[in-house]
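Got a structure here, written out as structure tokens. Questions coming.
The values are calculated or read from the model by the stated rules, or taken from the named source; none is laboratory data. As the structure is a computational prediction, the values presented were derived from the model and not from experiment. Backbone-built Cβ (ideal geometry, glycine too); neighbour counts: all protein chains shown. Remember, those area values only see protein heavy atoms, side chains included, never the ligands or the DNA or RNA. Shrake-Rupley method; radii C 1.70, N 1.55, O 1.52, S 1.80 Å.
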Amino acid sequence: SGVRGPGSGVRGPGSGVRGRTKESPVRTIAIINQKGGTGKTTTAINLAAVMANKGRKTLLVDMDPQSHCSLGLAVPEDQLDRTVADLLRAGLDGSLAFTDIIWQITRHLDLAPSSMALAGIEQELANAPDKDRRLAQVLSTVSDQYEFCIIDCPPSIGLLTFNALRAAGEVIIPVETGYFALRGAIKQQQTIEMLARRVAHQARFNVLATMYDVRTKLAREILTELRKHFGERLLPVVVHFNARLKEAASFGQAITEYDPASTGYEDFDRLSEWLISHPPSYNETITGELADPGQPTVPVTANVSNPALSRAAELVERARALSARTAALSGRISHNHPDSEPDEPGQGRHPGAAASRPLANTAPALAPAPSMPSIFSLPPLVPPRDRLAEKLSRLYGVRQTSQGLLFVQPVGEAHTMAIAGEFNDWSAETHPMRLDERLGIWQTCLKINPGRYRYRLVVDGNWVHDPHNQTVETNPFGELNSIVEVGAHTEAISA
């Protein structure tokens, strides 16, 4: 399924990587929505994969601490020695190059993976003057190696999203075609415009309708409302609800590998073609204010109409990175050379310099720069990710098993949860779900006769559709019922 491995995407001068010219800079697109479950990671992975499938050299950057891009592309977590967190921590101090963290997924697709350590970066960089520009700075060092850079952002507005926005020239807001998503999209637009003003940066933003089911009246009405509100900002392409996209993610593959004949592939192929044929127009002068509230409010003008100025700034950042890395390598060589003598008592070889490493990562890890606090000296902000819980997250919703129909929901604020549907005469008491505190889920397994059934969740007495089952239809009350089809091998219903 492609060449994968740490450092397998490392490239240098003369390696045959197609360079970018200053007339054709890298297109950096951030996928942003502070609401979860809108298809951000699905969009990021599959848009990047389709671009790469067209021969466009593409970099996928995972800025979400949950590292779903790695999960969705079958990159083993236990082999991620260095991630975006390390890169942002190092910045341009020369201790780490962008290519040191790259995983080559396919010939034209590279991944900059994430890890849970990214959740602590905001605290680590709290006092850094360039805290919201770290990503833009490190991306500038490899901008001549890629045609497209896709950034998957976390479902929140914070320093990580600020960094993605500063680095991007384009923003795509995936919006699920549901009522609450519509209201969220309007707020998201206002948030992005506010952020852009604060950091004196403008990015073209578009809204992408996702999980669209043309069969439902509600989805069609929401799409119409999105078109009325956003006008030309709503992309003329929609991503239909397609089970193949979810299946591809569960197998750790992009849709280009899993099913290139599917509707999901066709949707992302149309999206990529639209983006390629509609590059953003950088012909405006933007005035904003400094992002740091601790600084005085000073008007800042960012002129993006002159690509030569942007290119010059990019070259300055790359030169600084190269200079810092050269200095760091020189220092490392002097410390590791067998004939060198310590300059002062107590100095000598780095304790880990002789440790064996895979061939792709032959350079030993450097100690953090003195001015940059190490994450290991900080208390953990988030407990390590539970792999079992991670696997369970793929099972949320409903699925057929050999024991019956399994319903699984994540633990939230609910005190009680039950399943009501056509198979139990819409009873809210017949099939309560059991809380498993160890796994952090609600679950129940029902033996149901074969057929097609409508059902809803009853959460603390409130009837709602299953948010993890995208197959729905509108009921006579204008609300959504979730739909499940049971195959022939399950046994008769039992209460």
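Distance between the C-alpha centers of region 57-83 and region 228-257? Whole Å please.
About 20 Å separates the Cα centre of region 57-83 from the one of region 228-257.
Per the 1.4 Å probe, what fraction of the accessible area of region 157-274, in percent, lies on carbon and sulfur atoms? Can you show the working numbers first?
Numbers: 2620 of 5090 Å².
It is 51 percent, rounded to a whole number.
Let me ask you something else. Once phi is turned into ³J(HN,Hα) by the Karplus curve 6.51 cos²θ - 1.76 cosθ + 1.60 with θ = phi - 60°, what whole-Hz value does each residue of region 446-454 show in order, with x for glycine and proline?
Per-residue couplings from phi come out as 10, 9, 10, 4, x, x, 10, 10, 9 Hz.
Could you tell me which GluC sites (Glu not before Pro) in region 43-134 are loop residues by DSSP with no more than 12 other beta carbons within 10 angstrom of their beta carbon? Show your work: numbers first, answer last.
Numbers: sites: 77, 122, 124; in loops: none.
Those that pass, being in a loop and sparsely packed, number zero.
Please give the per residue accessible area of region 63-169, computed with a probe of 1.4 Å over protein heavy atoms only, in Å².
On the way: 2950 Å² over 107 residues.
Here the per-residue accessible area is 28 Å².
Could you work out the relative contact order of region 120-195? I mean the mean sequence separation of Cα pairs under 8 Å and 6+ apart, divided by the number of residues, in percent.
30
Return the long-range amide H neighbours of residue 175 (sequence gap of 5 or more, or a different chain), with a cut-off of under 5 Å between placed amide H atoms.
For residue 175, the qualifying residues are 208, 209, 210.
In region 74-131, what percent of the accessible surface is made up of carbon and sulfur (1.4 Å probe, ligands and nucleic acids excluded)?
Details: 870 of 1970 Å².
Of the solvent-accessible surface of region 74-131, carbon and sulfur hold 44 percent.
Can you pick out the pairs among 57/246; 57/228; 217/246; 54/228; 40/447 whose Cα atoms lie more than 31 Å from each other? Write out the running numbers ahead of the final one.
Values: 57/246 25 Å; 57/228 35 Å; 217/246 23 Å; 54/228 33 Å; 40/447 35 Å.
The pairs that break the limit, which is 31 Å between Cα atoms, are 57/228; 54/228; 40/447.
Under a 5 Å amide H to amide H cut-off, with H placed in plane at 1.01 Å, what residues pair with residue 431 once short-range neighbours are removed?
419
Next question, about the same structure. In the full protein assembly as shown, how much of residue 221 is accessible to a 1.4 Å probe, in Å² to the nearest 10?
Counting only protein heavy atoms, residue 221 exposes about 90 Å² to solvent.
While we're here: Give me a comma-separated list of calculated 3J(HN,Hα) values for region 429-444, in order, Karplus coefficients 6.51, -1.76, 1.60 applied at θ = phi - 60°, integers in Hz, x for any Gly or Pro.
The phi angles translate into 10, 5, 10, x, 8, 9, 8, 10, 5, 5, 8, x, 9, 9, 8, 7 Hz.
To continue, here is another question. How would you order 203-210, 426-433 from highest to lowest mean count of nearby Cβ atoms within 10 Å? Each step should come with its number before you reach the end.
Values: 203-210: 22.2, 426-433: 15.4.
Sorting 203-210, 426-433 by mean packing, highest first, produces 203-210, 426-433.
Keeping all protein chains in place and using 1.4 angstrom, which order do 111, 160 fall into by accessible surface area, from largest down?
Numbers: 111 0, 160 25 Å².
Heavy-atom accessible area, descending, gives 160, 111.
With a/c under 1.5 counting as rounded, go ahead and sort region 110-170 into rounded, prolate or oblate using the C-alpha gyration tensor (a ≥ b ≥ c being the square roots of the eigenvalues; past the cut-off, prolate if a/b is larger than b/c, else oblate). Let's see the in-between values first.
Numbers: a/c = 1.74, a/b = 1.47, b/c = 1.18.
Here region 110-170 falls in the prolate category.
What is the set of long-range amide H partners of residue 149 at a cut-off below 5 Å, with H atoms built 1.01 Å from backbone N?
Amide H to amide H, under 5 Å and 5 or more residues apart or across chains, residue 149 pairs with 27, 28, 29, 59.
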